[in-house]
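J.: Here's a structure for you.
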Amino acid sequence: MARFVGTLVLLYGFLLFVLTAAYWASIQPPGSTVGPPSFIQDLTLKLAEGIYLAAFGSVLVIGGSLLKRNEGRPRARSVRATHWRSLLPVAAVAVIVAAAIVGRLPPSQRSVSFEPSDFALRSYPGGGPYENYLVSTAFEASKGEALFPELSITWTDRTGAVVKRDDSVTALVTTPSEPPDRFPSAGSGNLAPADGSYVLWVRYTLCEAPTTPPCSNYTVSVAGDLLIVAQEAHVPVQLALGVVGSVCIAATLVHSGIGRRLTVSR
């Protein structure tokens, strides 16, 4: 069983690595950081997951082969020792399979809602035309979390009628004291570089400036949600499960070797 399941986990990890690497190579050079940081993080995590699942699968294959080789050898046994020896490989298979399943579970996530009152108009110091932004109130994020803004910006006239609505808003995430000196041209999905407070910057692009016609007669508002996803949350769980499974196999092999040496010594 250990060899069979180990082979499946090994092949799964190998295919995950190869297919992810092939996909990455098809869209941009391998290892490139061009693109939304959250997307790059997701690809990197899949590559790493493929490597360590293949490693843990190899542990099951090798350990199962060694146990099979020792099956026919006489050794001193007690009922209790035989019971524990039979349970350890089962436990190893179970936790390593669990490590593979954990990677397919959706990552933990939470959502932060923003109302129009949560944004304030701010110009970018030294910026030229159209360098005006709506900046949100601060929110908290942890290091490595992926941030996906889902906002819409709306312009209304003095009667309250909607003049224009943009539902595909690109927002940049920075710390409250950091200006948006590198605003992305398309896409979203920033990563929090450290634990702390962050704000959303939404570019105001309908007019050259909010005070120029026709925007001087319009009211602008931004609303929506920010999805915060802990894409790396499963990594320590998978590694812990894989290590536990490897230890179980190692303990079984050690016990099997001790039993065989006791028999030989007699």
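The values are calculated or read from the model by the stated rules, or taken from the named source; none is laboratory data. The model shown is predicted, which means the values in this text are computed figures rather than measured ones. Here the Cβ positions follow ideal geometry from the backbone for every residue, glycine too, while neighbour counts run over all protein chains shown.
J.: Enumerate the pairs (first residue in the range 17-37 and assigned by TED's automatic domain parsing to the domain that holds Ala55 and of a type in the set (A, V, I, L, M); second residue anywhere and loosely packed, with under 15 Cβ neighbours inside 10 Å and at pLDDT below 85) with beta-carbon separation below 7 Å, excluding pairs fewer than 6 apart on the same chain, so at least 6 apart or on different chains.
T.: Ala21/Pro30; Val34/Gln28
J.: While we're here: Please pick out the residue among Ala240, Ala233 that is under 30 Å from Val90 (Cα atoms) and modelled with pLDDT of 90 or more.
T.: When all the criteria are applied, what remains is Ala240.
J.: Any residue at all in the range 98-109 that is surrounded by fewer than 12 Cβ atoms within 10 Å (Cβ to Cβ), in contact (Cβ under 8 Å) with a residue 40 or more places away in the chain and hydroxyl-bearing (Ser, Thr, Tyr)?
T.: Checked against the condition, which is being surrounded by fewer than 12 Cβ atoms within 10 Å (Cβ to Cβ), in contact (Cβ under 8 Å) with a residue 40 or more places away in the chain and hydroxyl-bearing (Ser, Thr, Tyr), the range 98-109 yields no hits at all.
J.: For Thr211, only one of the following conditions fails: (1) more than 25 Å from Pro37 (Cβ to Cβ); (2) assigned to a strand (DSSP E or B). What is its number?
T.: Going through the list (1) more than 25 Å from Pro37 (Cβ to Cβ); (2) assigned to a strand (DSSP E or B), Thr211 breaks only (2).
J.: Only residues that are touching a Lys or Arg at 6+ places or on another chain (Cβ under 8 Å) and not small (Gly, Ala, Ser): list them for the range 132-161, please.
T.: Asn132, Tyr133, Leu134, Val135, Ile153, Thr154, Trp155
J.: Quick test for you: out of Val5, Val18, Val90, Val61, pick the one residue that is assigned to a helix (DSSP H, G or I) and at pLDDT 90 or above.
T.: Selected residue: Val18, the only one of Val5, Val18, Val90, Val61 that is assigned to a helix (DSSP H, G or I) and at pLDDT 90 or above.
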